[in-house]
Every structure is written in C-alpha cells, then in structure tokens.
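Worksheet: the structure to be examined is printed underneath.
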Protein chains: 2
Amino acid sequence: MEPKRDLLKGSSGYLLLSLLEQQAMYGYQIVKELEVRSQGYFRFKEGTLYPALHRLEKSGLINGTWEVLPNGRQRRYYHITARGQAKLAEEKTQWLDFFTAVKLILQPESKGI
Amino acid sequence: MEPKRDLLKGSSGYLLLSLLEQQAMYGYQIVKELEVRSQGYFRFKEGTLYPALHRLEKSGLINGTWEVLPNGRQRRYYHITARGQAKLAEEKTQWLDFFTAVKLILQPESKGI
DNA sequence: TTGACATACATAGAATGTCTAAGTAAATAC
DNA sequence: GTATTTACTTAGACATTCTATGTATGTCAA
C-alpha cells in the first residue's frame with residue numbers, strides 16, 4: 001500500500017483537529033496515535049506535524065500548554081479551542097462537499113440524486 | 001459553499017484521468033464538464049488544468065491530438081492511454097485506502113471493522 | 001558505563017501543485 | 001464594431017509536505 005502523500009495536503013488540519021477534539025495530546029503522541037488508528041497508513045513526519053500544529057495554534061484553533069512529567073521531561077499538550085471546534089465543523093462540511101463533487105465526476109449517472 | 005482548494009492537490013490527476021476514460025475531451029470542454037457534473041463545485045482555472053494536462057501527457061498517461069474544426073479553429077483532444085488506465089486503477093485504490101484511513105481517525109470506534 | 005533505542009520538539013530547504021494574472025488569437029452575438 | 005465566449009499557454013506567487021538534521025533526555029541491556 002503506497003500512500004498518496006498529496007492527498008494529505010489540506011487534510012492534515014482536519015485530522016489534527018479531529019483527533020484533538022477527542023482528547024488533548026502532545027506531538028509525539030499524535031504521530032503514534034495516527035499510525036495506530038489508521039493501521040499504519042498515516043506516518044506523520046516531524047516536518048509535517050510540528051509546523052502544522054504551530055499553524056493551528058497561531059490561528060487560535062488549538063492551544064498548547066507545557067506540562068512537566070514526574071521525571072522532569074517536558075511535553076507540549078495541545079487542546080482544541082472553541083474556534084477550533086467551529087473550524088472542525090466547517091472542515092467536515094467542506095470534506096463532504098468535496099467528496100460529493102468527486103463522486104459526481106466519477107459516477108455521472110448519479111447526477112440526479 | 002466554499003471549496004477547499006488544497007484537497008484538489010493530488011486529486012486533479014485522478015479526476016482528469018477518470019473523465020478522459022469516459023471519453024476524449026479538450027481542455028475547455030473539461031473545465032465545463034467538471035463544472036456541470038459537480039454542480040458548480042469544480043471550476044478549474046487554466047493555470048491548474050493545462051499544466052496538469054501537460055504533466056499527464058509527459059508521463060504518458062494521456063496523449064493529445066490537435067484537431068481542426070470546420071471553422072478552422074484548433075482543439076487539442078486528450079485521450080487516455082493504456083498506461084493511463086493502469087494508473088487510474090492504481091489511483092482508485094489509493095483513494096480508497098486514504099478514505100479508509102481518514103475514517104479510522106474520525107471514528108475510532110470502528111477500528112475493529 | 002557504554003551504546004542503542006525510544007521519547008520529544010524544532011526548523012531549514014527542496015519539491016510539488018494550485019492560484020492569480022496576463023498574453024495570444026479567433027469565432028460569435030449584439 | 002464591440003463585447004463575450006471559445007481555446008490554449010505560461011510566468012510567478014503561495015502554501016504544504018517532505019527530507020534531513022539538530023537538540024536533549026530517559027530507558028534498557030550488555
């Protein structure tokens with residue numbers, strides 16, 4: 001199974017918001033969680049994930065808080081914001097619209113439905 | 001309805017091959033056909049369509065032939081090649097894999113299915 | 001205690017594809 | 001004769017992902 005990387009473009013934000021709506025997570029955890037849940041399909045690179053998280057935070061859709069583990073190690077947990085939840089709902093609609101449009105191209109006979 | 005343009009990236013080739021598999025078309029016709037079929041969702045810009053067609057042709061997935069209308073006007077009709085049909089089948093699989101993976105992220109409860 | 005590996009975050013630069021925008025040219029409609 | 005539509009092309013801006021590297025610490029086995 002050769003993942004089609006370009007499909008990710010424009011979807012990463014959606015996936016991240018979706019994940020963080022379910023629970024707050026830190027970067028490394030997100031990478032692992034995406035991989036486990038997608039059964040190995042998604043393997044976000046750091047160069048993809050962290051810039052994406054920074055973008056989302058800068059846009060006010062998530063916010064990160066440093067937390068210190070008992071062993072002294074630091075993690076940055078990201079929480080979805082109210083604006084993020086609104087954005088997530090918007091993205092969901094856009095996804096559905098997009099899929100609907102693609103299906104209409106692939107199966108022109110369903111035009112009238 | 002605000003189309004999410006980035007989703008198009010990585011999908012335009014699939015859409016074009018899919019369209020040209022159904023029948024040979026020329027550029028301007030493709031723009032109109034995509035718009036009609038998708039009920040106005042897709043409105044390919046020239047700067048998107050023609051470079052995409054050139055890429056596909058360069059890769060041997062489609063091939064274009066100039067045809068002259070009775071009125072003297074020229075059109076470049078694009079036909080899908082055997083390699084293009086093979087590629088189309090591959091893209092379809094990649095799409096399904098991608099959708100499956102995304103659904104697993106959005107609905108983790110369906111993990112076991 | 002050394003080395004290997006996993007954890008955890010960050011960023012520079014290359015690659016890719018879409019968009020805006022402009023250009024060329026001819027047919028058609030008003 | 002002027003505007004609109006048809007028809008294709010390409011340069012440059014922009015955004016996102018990738019590769020690759022850097023930093024630093026914790027854990028575990030030899």
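The values are calculated or read from the model by the stated rules, or taken from the named source; none is laboratory data. Remember, predicted model here, so these are calculated numbers, not experimental data. Counting neighbours? That spans all protein chains shown, and the Cβs are built from the backbone with ideal geometry, glycine included. We work out accessible area using only protein heavy atoms, side chains counted, and drop any ligands, DNA or RNA first. Shrake-Rupley method; radii C 1.70, N 1.55, O 1.52, S 1.80 Å.
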Can you pull out the helices (runs of 4 or more DSSP H) entirely within the stretch A:1-59 that have at least 2 residues that are within 8 Å of DNA strand C (Cβ to nearest atom) and away from chain B (no Cβ under 13 Å)? A:27-37, A:46-58
I'd like the full set of residues that are part of a helix (DSSP H, G or I) and open to solvent by 60 Å² or more (accessible area, probe 1.4 Å), limited to the stretch A:67-85. A:ALA82, A:ARG83, A:GLN85
Take the stretch B:86-113 and flag every residue that is free of Cβ contacts under 8 Å to residues at least 24 places away in the same chain and open to solvent by less than 30 Å² (accessible area, probe 1.4 Å). B:GLN94, B:PHE98, B:ALA101, B:VAL102, B:LEU104, B:ILE105, B:SER110
